[in-house]
Amino acid sequence: MAALFEETEIKGMTLRNRLVRSATWEGMCEQDGRPTEKLINCYRDLAQGGVGLIITGYTFVRPEGKGLPAKMGIHTDDFSDDFRKMTTAVHEAGGKIAVQLVHAGGQTDSATAGRQPLAPSAIKVDQFPETPAELTKDEIYDIATAFADGARRAKAWGFDAVELHGAHGYLINQFLSPLTNRRTDEYGGSIENRSRFLLQVYLKVRQTVGEDYPVLIKLNAADNLKGGLEIDDAVYAAKKLSDDGIDAIEVSAGTQSSGDESPARTQINMPEKEAYNLDLARRIKQAVSCPVMAVGGFRSYYVAEKAVSSGSVDYISMARPFIREPNLPNRWKEGDHSPAKCISCNSCFKPGLEEGGIYCVTEKKEKEKKAAG
């Protein structure tokens, strides 16, 4: 029976436990995508706190694929020294780190992308800030190549793995979703065709990094949108990836337009509200042979432990709890099994836009109130 705190291995990458820091935008990079010392320290803290695998904030593979300000980029060799400093810091603290590769597609705006955004189809949907341009086949090929180039850099710069971002309404997810993919060529229509870009990206990355380097994916099991990706189609895509050798699938759901069923839900204040993607992750796990991670509302040690020990999933991914408590894994391992202190208010993201990096606003207010007497 699997346990939360046991050593495991993914394609030769040894992890000290089954706790994964799921990718989240930190807002701690230069505007060109170069990582800062502040971000490196953030990852160092997570490694020192006992996280088994750190997955970086989503990192754009081409400039027009940038989704938010101060987002990390891996589109140029110029950032080599900065990224090597990052991976060295994590390794010296005993951690492992994967970089998440993304193209925002239509889920960005012209000001951030530096041009009209690109998407599978030139349609305006709620999750798109503006109407994007439809990708040509040559552009599709070039973007798939850019993912492979990003993976090449990641491997050379010391990252232990890469993760493709196929969730939350970004470009890979846009191709998978019938809501955003209205193409009539070989990239649209059936789920076989809508999976084509995903598999093209994965196979180019695999060819570039080789068979012995871990390649993961964050995959939406459902978009939680009318007309969007649903679980049966997600199972098809997951099984194809597994058959082609993907090394782990992190299961998520929702987009920024999914309302109460978005990826980062609020008011997760009791065990019954936790693990809101677990049923979807079980469906994926039943269909694949690779390890499966679940993200979405894990707050309690016992909920996380049960999900692993029951065999529902192999790894537990969290993001917001580690913003408040980067040392949460060590706390749980040492026997303090009280829930994460995160209250799921989502206030942590606002400072990323206004103050040069996310942090727990609730914790800061508590400390200020205590200091004031």
| Which residues in the stretch 329-362 have a backbone N closer than 20 Å to a point placed 7 Å from the Cα of residue 14 along the Cα-to-Cβ line? | 330
| query | What trypsin sites (Lys or Arg not before Pro) does the stretch 216-262 have in DSSP loop regions with at most 11 other beta carbons within 10 Å? | reply | 226
| query | Taking the mean number of other Cβ atoms within 10 Å as a proxy for protection, how do you rank 202-214, 333-345 from highest to lowest? | reply | 202-214, 333-345
| task | Figure the gain on full extension for residue 266 and residue 81 (residue separation times 0.36 nm, minus the Cα-Cα span) and round it to one decimal in nm. | result | 62.8 nm
| Can you give the relative contact order of the chain as a percent, counting alpha carbon pairs under 8 Å and 6+ residues apart? | 16
| request: Anything over 31 Å Cα to Cα? Flag those among 85/370; 96/124; 204/341; 285/367; 240/350; 239/273, in the order listed. | output: 85/370; 96/124; 204/341; 285/367; 240/350
| field | Those GluC sites (Glu not before Pro) in the stretch 80-143 that DSSP places in a loop and that have at most 13 other beta carbons within 10 Å | value | 130
| said: How much length would be gained if the chain were fully extended between residue 371 and residue 116, taking 0.36 nm per residue of separation minus their Cα-Cα distance, in nm to one decimal? | reply: 87.0 nm
| query | Over what distance in Å are the Cα centres of the stretch 194-259 and the stretch 124-146 separated? | reply | 18
| said: Taking the beta-carbon count within 10 Å as an exposure proxy, list 301, 236, 315 from fewest neighbours to most. | reply: 236, 301, 315
| query | Just one of (1) 137; (2) 169; (3) 129 is volume of the Cα convex hull per residue in Å³ as worked out from the coordinates here. Which one is it? | reply | (3)
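Here, each number is a calculation from the coordinates, and none is a lab measurement. No experiment lies behind these values; they were computed from the predicted model shown. Please note: Cβ atoms are built from the backbone with ideal geometry, for glycine as well, and neighbour counts cover all protein chains shown.
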